[in-house]
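Taking it in order: structure first as structure tokens, then the write-up.
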Amino acid sequence: MRGDIDFDAGPAMSHADQLTYGTALFEALVDMASGTESKSEALGFGTVEIVPWRMEAVL
């Protein structure tokens, strides 16, 4: 599933690793907030799969 995951912090077991992975996660979030596509966006997923509210009338 490496092609589907944007960030994997699984190997971060030590405190030093956690700091390194935390920094990398922050940088990845800033990049995506700045317009870099996530892996799911690049694969064409995520436009309609998760919708927290309906746009039309609900009966």
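None of the figures in this text is laboratory data; all of them are computed from the coordinates on show. If you're wondering where the values come from, they're calculated on a predicted model, not measured in any experiment. Here the Cβ positions follow ideal geometry from the backbone for every residue, glycine too, while neighbour counts run over all protein chains shown.
Points worth noting:
- Under conditions of 4 °C and 1.567 mPa s, segment 1-47 yields 110 µm² s⁻¹ as its translational diffusion coefficient, taking Rh as the Kirkwood radius over Cα pairs in the Stokes-Einstein equation.
- Over all other residues within a Cβ to Cβ distance under 13 Å of Asp6, the charged ones net out to -4, with Lys and Arg as +1 and Asp and Glu as -1.
- Distance between the modelled labels on Lys39 and Arg2, one decimal in nanometres: 1.0 nm (7 Å Cα→Cβ projection).
- Gain on full extension, evaluated as 0.36 nm per residue between Ala9 and Asp31 minus their Cα-Cα distance, stands at 6.2 nm.
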